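> I am attaching a structure below and will ask some questions about it afterwards.
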Amino acid sequence: MMTKYSSRYASSPEAVKKYDTQQLREEFLIDNLMQEDEIVLTYSHYDRYIAGSAVPVKGDLTLESIDPLKAPYFLERREIGIINVGGSGSIVVEGKTFELGFKDALYIGSGNKEVIFKSNDSTNPAKYYINSAPAHTSYPTVKVSLAEANKLELGTMETANHRTVNQMIIGSVVTTCQLQMGMTELRPGSVWNTMPAHVHDRRMEVYFYLDIPENQAVCHFMGQPQETRHIWMNNHQAVISPPWSIHSGSGTSNYTFIWGMAGENLDYGDMDVCKITELR
C-alpha cells in the first residue's frame with residue numbers, strides 16, 4: 001500500500017494577512033488524519049517538517065519513502081516521533097518490537113530502514129500520530145510512556161489555563177537532532193492553551209488536537225501578534241504554525257493537544273512571549 005502525502009509551501013506574513021477563511025484552512029489545517037488502513041502525511045516546507053498518521057486495522061502498515069524525500073527509505077536522512085492516540089499496538093523497528101499503549105511515544109533515529117505499524121485489536125485499533133524532521137546524526141530508538149514524561153504544571157483555574165505539559169521527546173528525556181514532541185492536557189474547566197501566546201522564529205511547530213468531546217471544538221489562533229487569525233479545529237486535526245506565528249487556542253471544553261517542533265535549536269524555553277493586552 002502506497003503512503004499518501006500532500007505538500008504545503010511556506011507563506012509569508014504579508015500573504016497570510018490577505019487570506020480568507022478557506023485559504024487559511026487550505027494552507028495550514030491538516031484535516032485528513034487517522035484514516036483506517038492508511039498512512040497519510042503532510043510535507044511542510046517550514047523546516048521540511050512532516051506530520052501525519054498511521055491506523056493499521058485490517059493489517060500492518062509499513063512506512064515508505066515519499067517522492068519529496070528523494071530517498072530509498074523514509075528515515076535515510078530523517079528522525080521521527082510517534083504518539084499513539086488509540087488502542088494498544090506495537091511498532092517494529094528493524095525487527096525490534098516496541099509496545100505502545102494510549103498516549104505512549106516512540107522516537108526513532110535516522111538510518112532505520114524498517115518501520116512497521118501494528119494494532120493489537122482491529123476493533124480498537126492503534127492510532128499513530130507522526131511527526132518527522134531532517135536529521136544529521138542517528139540516535140537510538142527510545143520509547144517514552146506518558147508516565148515517564150517530564151511533567152510541568154502550568155497556569156491556573158482563575159485564568160482558565162490550568163494544564164499539564166508532558167515533555168516526551170525532548171532533550172531532558174530523549175536525545176534527538178532537532179525534533180521535539182510532547183502532550184499538553186488541560187484540566188476540566190480550563191480551555192486556553194499556550195496563553196500568554198508566544199512566537200519562536202528559530203523553529204516552527206505543529207499542533208494536533210485530541211480528546212475534544214463530541215459536538216465541541218477548539219478555536220486555534222495564529223498569525224503575527226498584531227495581526228492574528230483563527231481556525232476552528234475538530235478532534236484529530238492538526239494545524240501548521242509558521243515560525244513567525246503565535247499558536248494558541250481556546251476550546252468549548254477542555255481537551256488535549258500534541259505539540260511537535262523543529263528548527264534552529266533545542267531550547268524549549270526559547271520563545272518571545274507576547275503580552276495578552278498587546279495581541280490584536
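> Quick one: Gly189 ticks every box in (1) buried (at least 17 other Cβ atoms within 10 Å of the Cβ); (2) within 17 Å of Ser250 (Cβ to Cβ); (3) among the small types (Gly, Ala, Ser) except a single one, so which number is it?
(1)
> Can I ask one more? Only one residue in Asn265, Asn234 is over 20 Å from Glu27 (Cα atoms) and touching a residue at least 40 places away in the same chain (Cβ under 8 Å). Which one?
When all the criteria are applied, what remains is Asn265.
> Every residue in the stretch 94-132 that is in contact with a Lys or Arg (Cβ under 8 Å, 6 or more places away or on another chain), of a type in the set (A, V, I, L, M, F, W, C) and within 18 Å of Glu148 (Cβ to Cβ), please.
Matches in the stretch 94-132: Phe98, Leu100, Ala105, Leu106.
> Same structure, new question: Tell me the residue from Gly81, Gly52, Gly86 that is open to solvent by 10 Å² or more (accessible area, probe 1.4 Å) and among the small types (Gly, Ala, Ser), please.
So the residue among Gly81, Gly52, Gly86 that is open to solvent by 10 Å² or more (accessible area, probe 1.4 Å) and among the small types (Gly, Ala, Ser) is Gly86.
> Continuing with this model, one more query. Inspect the stretch 136-149 for any residue being in contact (Cβ under 8 Å) with a residue 40 or more places away in the chain, farther than 18 Å from His236 by Cβ, open to solvent by 30 Å² or more (accessible area, probe 1.4 Å) and among the charged types (D, E, K, R) and give the result as yes or no.
Scanning the stretch 136-149 turns up at least one residue that is in contact (Cβ under 8 Å) with a residue 40 or more places away in the chain, farther than 18 Å from His236 by Cβ, open to solvent by 30 Å² or more (accessible area, probe 1.4 Å) and among the charged types (D, E, K, R).
> Restricting to the stretch 207-219, and then to whatever is free of Cβ contacts under 8 Å to residues at least 40 places away in the same chain and in a loop (DSSP other than H, G, I, E, B), can you tell me which residue is least open to solvent (accessible area, probe 1.4 Å)?
Only one residue tops the list, namely Ala217.
> Hey, among the residues in the stretch 240-264 that are closer than 21 Å to Lys151 by Cα and not small (Gly, Ala, Ser), which one's surrounded by the fewest Cβ atoms within 10 Å (Cβ to Cβ)?
Per the criteria, the residue is Thr256.
> Looking at Met233, Met204, Met222, which one is buried (at least 18 other Cβ atoms within 10 Å of the Cβ), within 30 Å of Gly111 (Cα to Cα) and at pLDDT 95 or above?
Met204
> Follow-up. Please go through the stretch 1-38 and give me each residue that is part of a strand (DSSP E or B) and open to solvent by less than 10 Å² (accessible area, probe 1.4 Å), ordered by number.
Leu29, Ile30, listed by residue number.
> Test Ile276 against the criterion of being hydrophobic (A, V, I, L, M, F, W, C), surrounded by fewer than 16 Cβ atoms within 10 Å (Cβ to Cβ) and more than 24 Å from Gly86 (Cα to Cα), and give yes or no.
Judged against the criteria, Ile276 is a match.
> Still on this structure, please answer the following. Report yes if some residue within the stretch 82-90 is in a loop (DSSP other than H, G, I, E, B), polar (S, T, N, Q) and either under 14 Å from Gly52 (Cβ atoms) or touching a residue at least 24 places away in the same chain (Cβ under 8 Å) (or both); otherwise report no.
Checked the stretch 82-90: at least one residue is in a loop (DSSP other than H, G, I, E, B), polar (S, T, N, Q) and either under 14 Å from Gly52 (Cβ atoms) or touching a residue at least 24 places away in the same chain (Cβ under 8 Å) (or both).
> Regarding Ala149, is this residue modelled with pLDDT of 95 or more and at negative phi?
yes
The values are calculated or read from the model by the stated rules, or taken from the named source; none is laboratory data. Every value quoted in this text rests on a predicted model; they were computed, and no experiment measured them. Note that each Cβ is placed from the backbone with ideal geometry, even for glycine, and that neighbours are counted across all protein chains shown. Calculation scope for accessible area: heavy atoms of the full protein, side chains included, ligands and nucleic acids excluded. Shrake-Rupley method; radii C 1.70, N 1.55, O 1.52, S 1.80 Å.
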